[in-house]
Structure formats: C-alpha cells, structure tokens
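A short worksheet on the structure shown next.
Rule-based calculations on the coordinates, nothing more; no lab input. Please read these numbers as outputs of a predicted model, since none were measured by experiment. Every residue, glycine among them, receives a Cβ derived from its backbone with ideal geometry; neighbour counts consider all protein chains shown.
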Amino acid sequence: MGASRTRDPSSETSDLGDILQPATRTASDDSIQGFGRKGSTPPMTRLLCLVWTCVLLIAGIHSAFAGGSVLSIGSGEGANGETLGVVISLDNDTQMKALQFDLTYDSGVIQFVSGSGAMRGANLTATFGSSGPGRLRTVFHLADDSFIPNGSGQIGVLEFRLIGGKNASTSLVPTGLVLSDPDAQKVPLTGTQGSILVTRGPAAVPTFQIVTLKNPGRTRTFRGFVRVENGSGTAPVVTVNDAAVVPTSVDADLYTFEHFASADEDAVTIFVSDTNAEGTGTDQRVVIVE
Amino acid sequence: MKSIFASLSILVLLLASGCVERERVFRTDPTDAAGFTDRGWTSFTAGDLTAAHADFVAALVEDPTYAEAHLGQGWTLLGLALSTSAMTVAGSSFDSAVSNGLDNADLRAGRAAALLGSGESAAAIADAVSARTTAPNFVFSHRSSFGLADLFLIESFAAAAEGDLEGALAAADRISDSGIDAQNSSSWVVDGTGYSSFEGATLAFLHKMSEEHAG
C-alpha cells in the first residue's frame, strides 16, 4: 500500500511536472528521414517508402482510435455518517508511471477523507489537493524506477464520508486526466464517472411536520399532511381523535389524508408515529374546527 | 239572560274569527320556489344550514328547474358534508344549477370547494380560476367572509393535494407573498422558523394561510 499525503495545489495546471522529470527522447527513423531526397533514391525504393509510410500512418490512426487507456471511477451507496471507499480502476494499454485527475462532486453530499494506491497500484504514492469545494485533485505516481504494466483493474481507492440526507446523490466526474508512461510521455486517457447515493439520513428517530389545510367552503373539513424525516420508509401511523386513518403517499416523505369533522367536534387531535432503527418518533397537533 | 248569552256567543265567534284572520294575515310560508329559495338563503346566511337545506328542497319540489334553488342546495350540502361522497353530491347540485341555466362566480366557487373536498383537484382549480376570472373582486353573495382569498386557497390546496407544492405556493403567494424561493434555502423561513427543505417551508406557509384566510 503506497503512502498518502495531501497538498494544496495553487493552479489548475498539471502537477505531474513537479513529480516527474521529462526524459529526453530522440525518435528517429532513417527510412522516413531519407524519404524525399532528390536524386538519391531509386523510384522503386521511393514507392516502397511511400507504401511503408502509409502503413505506419494507418497503424497510427488505428492505434489512436482503438487504443488509449480508460480511468474508471467506481460507485457506491451507504447511510449518512458512513465512510465509503470508491474504487479507482485503470485499463491501461501502455506502462503507467503516474496518473493525475480532478474529481468533481457535490460537497454537500460527500466529504473526502483519504485515499491510497491499492491492488495493481499498491505501491503508488497518492497526493491530494483541493482547488475548491467538491473538487479533489488526485495524483498517483511511483517514486522509484518501477512502473505499472499494461493491464486492467483497481489501482487505488478514495474514501468519502457520506454527509447528505436520505436519497441525496452525487456524480463523481473525473476531469483533467493525465496519464504518463515511464518516459514521462503523456498517454491518451479517457474517464468514466461514478456516483454515490445516500440511502439513509442521519441516525435519529423519525420526526414529523403536521400541517392542516382547511377547505374554504367547509372549514370543518381539512386535508392533513404529514412530512416525515428519518422515516422508516413506510407510511407513518396516523390517528385522528383516536381513530386510525390510512394516509396516502404524496412522495417518499410526504403523506396526506382528509378529515370531515362533525358538528359536535370543536377540536381534532392528530397523532402520528413511525419507527426506524433508532427508535420510535411521535408528534401530535390539535386543530380547532369551527 | 238569553240576550247576554247570545251577546257572549257572538263575541266569542267574533274573537275566534279575528284570531283566524290574524293568523292568516301573519303567516309567511312561501308559496313558490322563489319564496322558499329566498328564505333558504336567509337561513344559510344566519348559519342554519339544516333549515336552509329544507327550504331549498321545498323550492325544488315547487319547481325542479329553479336553478337558484339548486345553487343553494349545493352550498348547504357543501356545508353539511361529512364525507367525500357527500362532497360529490354537493357538486351534483351545482351541476344541476348549471344544467338549468345558471353559471356565475358564486356557483363556480361553491363547486370548486366541493370538488376540492371530493378529491377532484384539477376540476377544483379550473372552477376556482373561472370564478375569480368572472369576478376579479369576488365575494360570495350569501357569505361575505368567503371571497377571493378562498379561491386562491382552493387552487393552492388542490395543487398541494397533487404534490405540486411549487404550484400550491404560487397560488398562496397571491394572497400574501411568502418570500419562499425553492432555489434559495435561506428563504425557507415562516414566522421566524427555518425549515430544512422547500417542501417543509411551503407546507408551513400553506398552513398559516389556511388558519388566517380559509372561509
């Protein structure tokens, strides 16, 4: 497992330049350099050179479109307060020395905790920084002479604390992707985004908001609404003057019912309750009818 | 003695005759549909819905096509309704008024309230909008406390019943500007109480409008 450290990048430009020393690379190809010299090459040789150049071009174009590496950000879900590990995977068709990307997310839903290399990238050193809320710059690199060979699978993990309410979600979008090979050359890289869903709100018993809307044509008739937070996911138990009513669902956390108060009722007591893993929550409202 | 007896008998007969005449002069029972309907509205305005309903029924016995009596019957049934189905019956009375040639803001407003009570939200909104379009300064002819604000409440509450809280708030804002903005969480405040969601703040405001303006 590689070491993890954090830093505060001051610019949006690549941080890999701080880490890697670009290697001097002098690619030469005699056959191409010789192409086109006047009077020095027989026609048949020139033709062969032309054909060879075409083959190389076609191969290069094919490589550009069919090849390239892919960075995949994993997905997950959990309850508010939990810490979730997001798997970072790389499908690389060239040897890898370093990787950088900016991960954007909704900072109201998750909070970055830590990260490290893992599995194929167990020896990677991880560096993190933030240029603003919901923007995490991540750099994975190998400090020694080693490299990660061609292949696919997990290279690291990022841990986030889930801070959003129930059903809050965020995408995890990688941008500014930079992948370098052992020669410090940039390698084509694309990214696929992940996501995180908060399946349960903060640990607490259910709480309620009880609202009554009177029919203006008969104010002894009202529609009741019960809004539930940290609910069990099913309709709360509702009684009106000790008589059970069956509320209907308006949406996941909002329920409604109708009540017709008789002429001899001066007040109506609405009582609601619901039970989740933390316990039972109750509330009541007295409605004056006239 | 005979003359005295005869005089007393004549006196008794005269008194009896006078009593009968007096009773005939002061009796006010209506004799036609219009009369029963007028008396029905008088009872309605006084809050005696049972008596009002009896008179509107009597008016329709006299003349089943008397639209104003159907209108009165609709309003009294609305006020007496104790179930969703009773609200539907009230709505039918308003429909009968329409089918007998009456269509005004009083009718649309009453039917809107009945439709709200019977759970027909879209139709309730349509009638409430029609009523305030017909009468921009609407006040119900037989209950001055029921006016334009109630039409906006019907629109608002019908939208809320369908889960359209943005639409509900828009209608309620026509009565009194809530200041609530779905996109601005700092505006989710009602009477000094902050809410964690737009939904919660909107419901609190609708409740407040209901308590202050309904009926």
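Straight-line reach from A:K166: taking Cα to Cα under 19 Å and skipping same-chain neighbours fewer than 8 places apart, the aspartates and glutamates in range are A:E77, A:E82, A:D106, A:E229, A:D251, A:D253, A:D274, A:E278, B:E199. Cross-link partners of A:K97 among aspartates and glutamates, defined as those whose alpha carbon lies under 15 angstrom from its own and excluding same-chain residues fewer than eight positions apart: A:D15, A:D18, A:D144, A:D145, A:D181, A:D183. Label zone of A:N167 (point 7 Å out along Cα→Cβ, amide N under 20 Å): in region A:229-267 this covers A:229-238, A:247-257.
The translational diffusion coefficient of region A:79-146, from Stokes-Einstein at 25 °C and 0.890 mPa s with a Kirkwood hydrodynamic radius over alpha carbon pairs, comes to 183 µm²/s.
Label reach from A:E278 (point 7 Å along Cα→C-beta): in region A:228-267, amide nitrogens under 12 Å belong to A:229-232.
Ratio of Rg to Rh for region A:207-288: 0.98 [Cα atoms; Kirkwood radius as inverse mean 1/r over pairs]. Divide the volume of the convex hull around the Cα atoms of chain B by the residue count and you get 158 Å³ per residue.
Over 19 Å, how big is the tail of the calculated P(r) for region B:72-196, in percent of all Cα pairs?
Everything past 19 Å amounts to 50 percent.
Just so you know, the Rg over Rh for region A:68-200 is 0.99, from Cα atoms, with Rh as the Kirkwood radius. When the Kirkwood radius is taken over all Cα pairs of region B:137-215, what Stokes-Einstein diffusion coefficient follows at 20 °C and 1.002 mPa s, in µm²/s? The estimated diffusion coefficient comes to 168 µm²/s. If you plug the beta carbon distance of B:D38 and B:S85 into 1/(1 + (r/R0)^6) with R0 = 25 Å, you get a FRET efficiency near 0.25.
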